[in-house]
Amino acid sequence: MADKSLDAPAAQVPTQLSDYRPYPFALTETRLDVTLAAEASSILAELDFSRRAPGALVLDIGKAVDLRRLAIDGAELDAAQWRRDGEILRIDAPAEGSFTLSSEVVVNPSANTAFEGLYLSGGIFCTQCEAEGFRHITPYPDRPDVMAPFRVTLRADLPVLLSNGNPVSAGDGVAVWHDPWPKPAYLFALVAGDLRAVSGQFTTASGRDVALNVWVRPGDESRADYALESLIRSMEWDEKVYGREYDLDLFNIVAVDDFNMGAMENKGLNIFNSKLVLASPDTATDADYERIEGVIAHEYFHNWTGNRITCRDWFQLCLKEGLTVFRDQQFTADMRSAAVKRIEDVLTLRARQFREDQGPLAHPVRPDSYVEINNFYTATVYEKGAEVIGMLKLLVGDEGYDKALGLYFDRHDGDAATIEDWLKVFEDATGRDLSQFKRWYTDAGTPVVTMTEDWQDGHLTLRFAQSTPPTPGQDDKPPRVIPIAVGLISPNGDEVVPTTVLEMTEAEQEFSFDGLAARPVVSALRGFSAPVMLDRQMDATTRAFLLSHDTDPFARWEAGRQLARETLLAMLRGESPGAEYLDAIGQLLADEAADPAFLALCLRLPSEEEIATVQAQGGTTPDPDAIHAAREALATEIARRHEAALEAVYARMEVSAPYRPDADQSGRRSLRLAALALLNRIDGGRRAAALFAEAGNMTERAGALGLMIQAGDAQQALSEFHREFSGVRLVIDKWFMLQPLHAEPDQAVAVAQHLAARDDFDWKNPNRFRALIGGLTANHAGFHAADGTGYDFLADWLLKMDAVNPQIAARMSAAFESWTRYDADRRKHAEAALDRILSAPALSRNLGEMIGRIRN
Ligand code: PHE
Ligand code: ZN
């Protein structure tokens, strides 16, 4: 009979940072013996414990783990010696000394649709253990501060059997692996199946030969080279820039089709979502290639920032993620264009993190409470976590940063560390007091910095004021230290004061510049020196001046962005677009010397979501349909005004050389597509159709297809595309995503419904689900349809997904996070959808926490 309690929503019990207690045992070795079978895999574990302090032996154990046997030093435990309580296993352990705990369990990988723990993806056995997945494999102290070397025996009649570390022996359906580096359970992995390797080799600076393999399914080998090359570039870069060498004889990467996230840094055995490994010119876009390179680097860099130095507890997640994102951003900046990378990163930060910080899901970079840790792999922890490190580097200087990092690696190698440890190495290395800086980790919310200027005979005074709006649970925000990079430009365009970092520490503060011959134009927050919103009155002419004269590429782009934003806001107030923005676009298009990738970014209009955010901040209720209409009108106006120049750019940016995914070619293609996107508004999709027919690469084909959908004439192209790529899952994901994304707002929900009914909407595959649902939610006016059908559609699918894969349901539910900013009718529909989810029986802890926070 069904257990009633299994049908009740999961308890929402928060875990608190302040409750941290060290584990009372050391774990000196973990030995696993795993016999793989699709429906019943058995796991024998031997854990060598030694007592360090009084306290019970408490292990974590997943609900679906079938516990068959427990023994201490070979003596079987009877029922009185242990107790299983929900996900906790309490065992009577010796009061002192060392002992070995053995356990025997059986789990069912084929029933594991949540893709956490041991599961099957397309016939391949694989695991995902971060954050708390290992407990679904074997009973264990599943917490990052318990670290041990692992010895793993894998048994299965399969050609490839992989685990962490170095191979000890292999053959005849058995493989033994040994990982000498003590690691927490979340870094454990195993993979078994019919896989093929694309292999390479790397010799470290101190002469260690490392065998490199990218494992893919038979047939996918030709799409794995770029991942391997990216890995080699990452290894070289980490030696050169951070002095970090790899520490095993082997580095394996495995691509799997079913994966909840992007990729995972398991020691020596990274497991990747196949979309972040597989690429060929005809199936992957330039953006896909750039992401693959960046994520391969990210996971590789974790070997030092995450694995050798890990986190004491999950509240410290930003210790590894913020730093590793910062490092992968530096890497991409070095491999490609630093200016373009910085602008892309700020775009993502604003679109995702600023939005999060302004809504009900706002939380500090280091949270102090969570119900479900998987809900905290957020833009705040990752992207804002990286921004905080960028600020720290700016404040202590490049040399101070290098010294502090050197100290961090020396002092904490082998540790499970905290943010306090991290800040302490900066204090010790540079002598700087970082107590105020720490607020960036503990206080949520995006500061608003207002800047005003005062000019009097050769003296310029800049006055700044900072304030941070309240966020859930944090009403009061004391001032933070904010590095504000400024430069001064004279009216003739010369830079009279080069970039200077002003350190703002007070709520209000002023800075002066003397001896200036003429009143300069201030270029502020250069390089986006702090993750704040800069509020500054500036007329359109001055913005246009900065757009053409600023020496800082980010500030140049930002001036154009502000001009575009203000033009759209004016149009939404019923005014016609001012001449300055349209003229500035003309100048940009005429600049044949400019970096095409940079121009492409300048040509892209702010998103509808961005305009809605700006309006909401300014106290205006955004009207999604009006925003859509205004943006379309502006794009059309630009196209009409500059048709000839856009055509010239479109022609000039054609790439005739064989496809390469590098910065140069991808920059040209992105400018070409940006020009085409504008022309598409006035040519009825004619050029896009021509490009779709002739393009030889996925960047241009997918770009053209999106524009054809926008132009309302894509049925035939869509069928052709589907036919051509029906065997390539990752490309079919694009097909599912582009349609709801580019549909007319009033058709988007119907398009999504129609697609969701198809046989090949394999929704249990996270990539496929994200493609369709994410395509719709990214269509701002489509998702926020006035009749609430977008909200209902999302609620239906979240509930359906929650029963199968709670992590994915919870993640996609963030599309609701800004619901309160819209009008009363939309709010009513959203509220009903949220309440419907909340009242569902058997809601997961994941989705329950998310919707609960969003609804409040
Ligand atoms: N640690 C992974 C990363 O950032 C992300 C991840 C988290 C993957 C949880 C899977 C599960 O690289
Ligand atoms: Zn990471």
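FYI, it's all coordinate maths here, none of it is from the lab. Being a predicted model, the structure only gives us computed values, none of them experimental. We place every Cβ from the backbone using ideal geometry, glycine too, and count neighbours over all the protein chains shown.
A few points about this structure:
- Out of A227, A175, sole residue that is buried (at least 19 other Cβ atoms within 10 Å of the Cβ), among the aliphatic types (A, V, I, L, M) and without any contact (Cβ under 8 Å) to a residue 24 or more places away in the chain: A175
- For segment 433-454, a tally of residues being farther than 14 Å from E508 by Cβ and assigned to a strand (DSSP E or B) returns 1.
- On inspection, R768 does not qualify as in contact with a Lys or Arg (Cβ under 9 Å, 6 or more places away or on another chain) and within 16 Å of ligand 2 (Cβ to nearest atom).
- Within segment 357-379, tally of residues that are β-branched (V, I, T), touching a residue at least 60 places away in the same chain (Cβ under 8 Å) and within 14 Å of ligand 1 (Cβ to nearest atom): 1
- Among residues of segment 230-274 being more than 16 Å from ligand 2 (Cβ to nearest atom) and without any contact (Cβ under 8 Å) to a residue 60 or more places away in the chain, the one that is farthest from D398 (Cα to Cα) is A255.
- In segment 539-564, the residues that are closer than 20 Å to D595 by Cβ form Cβ pairs under 7 Å with partners that are in a loop (DSSP other than H, G, I, E, B) and acidic (D, E), at six or more places apart or across chains, as follows: R556/D550; A559/D550.
- All of A809, A833 fail the test of being within 16 Å of ligand 1 (Cβ to nearest atom) and touching a helix residue (DSSP H, G or I) at 6+ places or on another chain (Cβ under 6 Å), apart from A809.
- Total residues in segment 286-329, condition within 13 Å of ligand 1 (Cβ to nearest atom) and charged (D, E, K, R): 6
- Boolean, L101 is farther than 30 Å from E321 by Cα and crowded, with 16+ Cβ neighbours inside 10 Å: yes
Yes/no matrix, rows are residues, columns are (1) of a type outside the set (G, A, S); (2) in contact with a strand residue (DSSP E or B) (Cβ under 7 Å, 6 or more places away or on another chain); (3) buried (at least 21 other Cβ atoms within 10 Å of the Cβ):
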{"position": "A645", "(1), (2), (3)": "no, no, no"}
{"position": "E654", "(1), (2), (3)": "yes, no, no"}
{"position": "A663", "(1), (2), (3)": "no, no, no"}
{"position": "L676", "(1), (2), (3)": "yes, no, yes"}
{"position": "R681", "(1), (2), (3)": "yes, no, no"}
{"position": "G696", "(1), (2), (3)": "no, no, no"}
{"position": "R701", "(1), (2), (3)": "yes, no, yes"}
{"position": "A714", "(1), (2), (3)": "no, no, yes"}
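- Consider segment 40-62 and keep the residues that are among the hydroxyl-bearing types (S, T, Y) and under 18 Å from V152 (Cβ atoms). The one that is surrounded by the most Cβ atoms within 10 Å (Cβ to Cβ) is S41.
- Scanning segment 37-64 for residues that are within 27 Å of E96 (Cα to Cα) and small (G, A, S) yields A45, S50, A53, G55, A56.
- Being among the small types (G, A, S), within 30 Å of N779 (Cβ to Cβ) and away from ligand 2 (no atom under 16 Å from the Cβ) holds for only one residue in A338, A351, A333, and it is A351.
- Residue within segment 195-205 that is more than 27 Å from F409 (Cβ to Cβ) and buried (at least 21 other Cβ atoms within 10 Å of the Cβ) present: yes
- Segment 282-298 - residue that is within 11 Å of ligand 2 (Cβ to nearest atom) and surrounded by 24 or more Cβ atoms within 10 Å (Cβ to Cβ) and, of those, farthest from the chain's Cα centre (by Cα): A297
- Elements of type strands (runs of 3 or more DSSP E) in segment 57-113, at least 2 residues being over 20 Å from G133 (Cβ atoms): 66-72, 82-85, 88-91, 98-107
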